1. With surrounded by fewer than 20 Cβ atoms within 10 Å (Cβ to Cβ) and touching a helix residue (DSSP H, G or I) at 6+ places or on another chain (Cβ under 9 Å) as the only criterion, which of Thr68, Thr59 stands out?
2. Among the residues of the stretch 157-166, which ones are under 26 Å from Arg119 (Cα atoms) and open to solvent by less than 20 Å² (accessible area, probe 1.4 Å)?
3. Take the conditions more than 14 Å from the chain's Cα centre (by Cα) and open to solvent by less than 90 Å² (accessible area, probe 1.4 Å) and apply them to Lys73. Does it pass?
4. Cβ contacts < 7 Å: first residue within 20 Å of Glu47 (Cβ to Cβ), restricted to the stretch 159-177; second residue among the acidic types (Asp, Glu), any location; separation 6+ or different chain. Result?
5. For the stretch 122-150, name all the residues that are more than 16 Å from the ligand (Cβ to nearest atom) and either out of contact with any helix residue (DSSP H, G or I) (no Cβ under 7 Å at 6 or more places or on another chain) or in a helix (DSSP H, G or I) (or both).
6. Quick one: Gln29 ticks every box in (1) of a type outside the set (D, E, K, R); (2) in a helix (DSSP H, G or I); (3) within 16 Å of the ligand (Cβ to nearest atom); (4) surrounded by fewer than 18 Cβ atoms within 10 Å (Cβ to Cβ) except a single one, so which number is it?
7. Is there a residue being within 12 Å of the ligand (Cβ to nearest atom), touching a residue at least 12 places away in the same chain (Cβ under 8 Å) and in a helix (DSSP H, G or I) anywhere in the stretch 44-63?
Amino acid sequence: MEELKQRILEQGVILSDQVLKLDAILNHQVDPLLIMKMGREFARRFEGERITKVITVETSGIPVAFATALELKVPMVFGKRKKTLTSDQDSYTERVPSFTKGIVTDIMVAKSFLSPEDRLLFIDDIIANGDAARGLIRIIQRAGSELVGMGVVVEKKFQRGADTIREQGIRLESLVRITGLSDNQIHFD
Ligand code: 5GP
């Protein structure tokens, strides 16, 4: 998505050679028109996959997951992040490290929202090391739902997350791939 690349160049802030701040586009403020274009693009790429639900993790995955679900006319469910492990019988919980916050959190999804009949599309904002994504994928597997694929807005290719997911045989589509943040520049593939 060329428009998204331009917006990242204009509004992204390089914090280090590892972290790109995207608060103006994804993580704090969102442009509904741009988010809807992302949702349409994911819906187009996964057309014909008979998706029954879009799934994401709070917080920053929610707008684009919602846009995708609206396009596909299916519900959207988001994993909740909890600070303490409160395992109860009615929910699936997985513990994941957080890349940006440097802490461990638990992701929780109520069992009632996932079933073996579901064909899920997992949408997220940014993939770095992939810990959050792998946590949600474990929940999907425990529920016995079918994971049709994953769509991420920004794939940081210099970190291993996306590849570890592809190595599991999961289709992963990204709208923009960043190969590096060296020399105070954003490098796209
Ligand atoms: P992961 O679990 O893949 O290492 O990190 C995933 C989450 O951390 C993303 O959903 C995103 O919110 C955050 N994150 C990772 N790297 C970056 C980054 O360079 N910039 C921003 N803004 N968020 C990031």
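The values are calculated or read from the model by the stated rules, or taken from the named source; none is laboratory data. Just so it is clear, the structure is predicted and the values come from calculations on it, not from any experiment. With ideal geometry, Cβ positions are generated from the backbone for all residues, glycine too; neighbour counts draw on all protein chains shown. Protein only, heavy atoms only, side chains kept; ligands, DNA and RNA dropped before computing areas. Shrake-Rupley method; radii C 1.70, N 1.55, O 1.52, S 1.80 Å.
1. Values: Thr68 fails: surrounded by fewer than 20 Cβ atoms within 10 Å (Cβ to Cβ).
Unique residue meeting the criteria: Thr59.
2. The first filter runs over the stretch 157-166 and keeps only residues under 26 Å from Arg119 (Cα atoms), leaving 160-166.
The answer is Gly161, Ala162, Ile165.
3. Working: more than 14 Å from the chain's Cα centre (by Cα): yes; open to solvent by less than 90 Å² (accessible area, probe 1.4 Å): no.
So Lys73 does not fit the description; no.
4. Correct list of pairs: Ser174/Glu155; Leu175/Glu41.
5. From the stretch 122-150, those more than 16 Å from the ligand (Cβ to nearest atom) are 141-149; that's our starting set.
Matches in the stretch 122-150: Gln141, Arg142, Ala143, Gly144, Ser145, Glu146, Val148, Gly149.
6. Of the numbered conditions (1) of a type outside the set (D, E, K, R); (2) in a helix (DSSP H, G or I); (3) within 16 Å of the ligand (Cβ to nearest atom); (4) surrounded by fewer than 18 Cβ atoms within 10 Å (Cβ to Cβ), the odd one out for Gln29 is (2).
7. The answer is yes, given that some residue of the stretch 44-63 is within 12 Å of the ligand (Cβ to nearest atom), touching a residue at least 12 places away in the same chain (Cβ under 8 Å) and in a helix (DSSP H, G or I).
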